[in-house]
Amino acid sequence: MKKKDVWNEEINPDGISEKLENLNTNVWDRGYYLETDDGYWYEVYVNDQIKKYYPNIDLSDEEQKETFGKFHDIMLYHYKDDNQITFFVPNGETQYTLDELTNILI
């Protein structure tokens with residue numbers, strides 16, 4: 001499956017649904033992933049404590065854009081209401097990964 005096929009319900013009816021194990025509970029409430037031919041999609045949810053520090057993540061804010069904007073295909077549409085961050089880690093990416101996002105938020 002290609003990266004773009006994640007959003008095609010005919011090809012991928014379950015979406016990003018594989019449960020992530022061993023998430024850092026100081027940051028995350030829960031999380032899911034989906035492996036594609038191109039890399040991994042992550043859908044992760046910050047816990048309430050992190051949400052207090054980051055009530056909103058807005059990429060139009062220069063400081064937050066510098067911090068979060070380098071993650072591939074990051075989607076924050078559901079962050080404010082649902083604490084959800086969705087992003088892609090292409091094969092070979094070593095910096096902008098789930099571990100890096102965890103380190104930023106901790």
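Within the option set Leu59, Leu20, Leu76, being surrounded by 11 or more Cβ atoms within 10 Å (Cβ to Cβ), touching a Ser or Thr at 6+ places or on another chain (Cβ under 9 Å), in contact (Cβ under 8 Å) with a residue 12 or more places away in the chain and farther than 14 Å from Ile104 by Cα holds for one residue only, Leu76.
Out of all the residues in region 30-39, is one or more part of a helix (DSSP H, G or I), modelled with pLDDT of 95 or more and either under 16 Å from Gly15 (Cα atoms) or under 13 Å from the mean Cα position of the chain (by Cα) (or both)? No, every residue in region 30-39 fails to be part of a helix (DSSP H, G or I), modelled with pLDDT of 95 or more and either under 16 Å from Gly15 (Cα atoms) or under 13 Å from the mean Cα position of the chain (by Cα) (or both). Taken residue by residue, region 45-54 has no member that is touching a helix residue (DSSP H, G or I) at 6+ places or on another chain (Cβ under 6 Å), free of Cβ contacts under 8 Å to residues at least 40 places away in the same chain and over 22 Å from Thr94 (Cα atoms). Tallying residues that are more than 21 Å from Lys19 (Cα to Cα) and not aromatic (Phe, Trp, Tyr) within region 62-80 yields 9.
You will find that of Ile106, Ile74, Ile85, Ile16, the residue that is out of contact with any strand residue (DSSP E or B) (no Cβ under 7 Å at 6 or more places or on another chain) and of a type in the set (A, V, I, L, M, F, W, C) is Ile106 and no other. From the list Thr36, Thr25, the one residue that fits, being of a type in the set (S, T, N, Q), out of contact with any strand residue (DSSP E or B) (no Cβ under 6 Å at 6 or more places or on another chain), loosely packed, with under 13 Cβ neighbours inside 10 Å and in contact (Cβ under 8 Å) with a residue 12 or more places away in the chain, is Thr25. Residues in region 51-96 that are over 9 Å from the mean Cα position of the chain (by Cα), closer than 16 Å to Lys3 by Cα and assigned to a loop (DSSP other than H, G, I, E, B): Asn91, Gly92, Glu93. Of all residues in region 1-17 being assigned to a loop (DSSP other than H, G, I, E, B) and out of contact with any Asp or Glu (no Cβ under 7 Å at 6 or more places or on another chain), which is surrounded by the most Cβ atoms within 10 Å (Cβ to Cβ)? Taking the candidates together, the pick is Gly15.
The values are calculated or read from the model by the stated rules, or taken from the named source; none is laboratory data. What you are looking at is a predicted structure, and each value in this text was computed from that prediction instead of being measured. Counting neighbours? That spans all protein chains shown, and the Cβs are built from the backbone with ideal geometry, glycine included.
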